[in-house]
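Input: a single structure, listed below in structure tokens.
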Amino acid sequence: MIDCDWSYNGIKICVLNNDTLNISILPEIGGIIWSVKYNGYELMYHHYKELELPWRFKEDFPREDSLHTFFIGGWFEVLPNAGYKTNLLGVSWGLHGETPYLPWKVEYDEEKDPNSILLVVQLKRYPLKLYRRISLNKNEILLWEKVVNLAPIDLYFSWLHHPTFGGDLLDDSTIIELSNNTEIEVDKYLGLKHSQFEAGFRGEWPIAKGKDGKMYDLSRYPPKGSQNTNDLIYVPKMKRGWFKVINEKRKITFEAEYENSLFKSLWIWRPVGGGPEDPWYGTIYATSLEITTSWPATGLSEQVKLGTAEVIKANSKIETVLKFTVK
């Protein structure tokens, strides 16, 4: 069933649901999948801030990482700059520009297809257009996506899905599963002040070395309130487009399957408190397994230099399907 007659604080909400899943989408705020509920359990993290349209808010001192000002959690999608501030072809983007900041158009026909909704956005600073059809099939969320290059030249881009897990899915019984023999690298590029782990450490999932010299199991999530840290770990090359997030207490499993020929990398964000300063002030308890084409999180220009950026040919398109199963 589709219902786009909801609103909160003047913000349009589209609800897509069946007997098992209930999804709430905010088309005007980056097309964010704000809520994913499975049998009443919330799987997404929601930050404490009120929902607010970004263009209604004027900052006295604008910041390079404006996404932190408007961050509300949920599942957002990033194109063409996965990562921090960057400049390419005369265009500047801030953190995760530019699709999370844009309103998306919504199209659906409940009579023809009561189980799917199409969202469309055309970028303002780059000649790309993104289509995303969200469909429900029993306990599956299917995303069909298409990126179209509107220009007569080849273009670099990086593309990222940012499902921010929290709610009933995340606690000290949560386990994260990746394929065996997956190689990881702790971020050394951003200089994260409140990181728990040794910058640049390379190893095999799920073990990472802490700054204290101890080895930690990344597959087990720390209890809420147990620390005040903010970490980013990369999987530079996924052996398989697959992962699981499992809550043992509630017996919930979120499983992702996608094309690793396109989404080659995974960023694992672990804000447990997030640090005592801006932007988290110790308030966040979440994790995100960020499905992405490129790495590290230094932005598109650096990704081009390092050879990890994707290229879309002139006047061409790229299509892909991602499947997420909840059980």
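The values are calculated or read from the model by the stated rules, or taken from the named source; none is laboratory data. Being a predicted model, the structure only gives us computed values, none of them experimental. Here the Cβ is made from the backbone with ideal geometry for all residues, glycine too, and neighbour counts use every protein chain on show.
Taking the stretch 56-83 as the region of interest, how many residues are in a loop (DSSP other than H, G, I, E, B) and modelled with pLDDT under 95?
Of the residues in that region, 11 qualify.
Hey, which of the strands (runs of 3 or more DSSP E) in the stretch 163-228, taking only ones fully inside, have at least 1 residues that are under 23 Å from the mean Cα position of the chain (by Cα) and crowded, with 16+ Cβ neighbours inside 10 Å? Before you say what the answer is, go through the steps one by one.
Working: elements: 174-177, 183-186, 202-204, 207-209, 215-217.
Of the strands (runs of 3 or more DSSP E) lying wholly inside the stretch 163-228, those with at least 1 residues that are under 23 Å from the mean Cα position of the chain (by Cα) and crowded, with 16+ Cβ neighbours inside 10 Å span 174-177, 183-186, 207-209.
Quick grid of which residues meet (1) part of a strand (DSSP E or B); (2) under 15 Å from the mean Cα position of the chain (by Cα); (3) in contact (Cβ under 8 Å) with a residue 24 or more places away in the chain:
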{"position": "Met238", "(1), (2), (3)": "no, no, yes"}
{"position": "Thr253", "(1), (2), (3)": "yes, no, yes"}
{"position": "Phe263", "(1), (2), (3)": "no, yes, yes"}
{"position": "Glu277", "(1), (2), (3)": "no, no, yes"}
{"position": "Trp280", "(1), (2), (3)": "no, no, yes"}
{"position": "Ile291", "(1), (2), (3)": "yes, yes, yes"}
{"position": "Pro296", "(1), (2), (3)": "no, yes, yes"}
{"position": "Val321", "(1), (2), (3)": "yes, no, yes"}
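Would you call Ser158 out of contact with any Phe, Trp or Tyr (no Cβ under 6 Å at 6 or more places or on another chain), crowded, with 22+ Cβ neighbours inside 10 Å and over 21 Å from Leu51 (Cβ atoms)? Against the criterion (out of contact with any Phe, Trp or Tyr (no Cβ under 6 Å at 6 or more places or on another chain), crowded, with 22+ Cβ neighbours inside 10 Å and over 21 Å from Leu51 (Cβ atoms)), Ser158 qualifies.
Mind checking which residues of the stretch 86-118 are at pLDDT below 95, assigned to a loop (DSSP other than H, G, I, E, B), touching a strand residue (DSSP E or B) at 6+ places or on another chain (Cβ under 7 Å) and surrounded by 16 or more Cβ atoms within 10 Å (Cβ to Cβ)? Hits for the stretch 86-118 are His96, Leu102, Tyr108, Asn115.
Identify, please: which residue in the stretch 34-48 is assigned to a strand (DSSP E or B) and under 14 Å from the mean Cα position of the chain (by Cα) and is, among those, surrounded by the most Cβ atoms within 10 Å (Cβ to Cβ)?
Met44
Output the residues belonging to the stretch 137-149 that are over 19 Å from the mean Cα position of the chain (by Cα) and part of a strand (DSSP E or B).
Hits for the stretch 137-149 are Asn137, Val148, Asn149.
Among the residues that make up the stretch 235-254, is at least one of them among the hydroxyl-bearing types (Ser, Thr, Tyr), at pLDDT 95 or above, under 21 Å from Ile176 (Cα atoms) and buried (at least 21 other Cβ atoms within 10 Å of the Cβ)? Scanning the stretch 235-254 turns up no residue that is among the hydroxyl-bearing types (Ser, Thr, Tyr), at pLDDT 95 or above, under 21 Å from Ile176 (Cα atoms) and buried (at least 21 other Cβ atoms within 10 Å of the Cβ). Name the single residue, out of those in the stretch 180-213 being out of contact with any Leu (no Cβ under 7 Å at 6 or more places or on another chain) and of a type in the set (Phe, Trp, Tyr), that is farthest from Gln227 (Cα to Cα). Checked the stretch 180-213; the qualifying residue farthest from Gln227 (Cα to Cα) is Tyr189.
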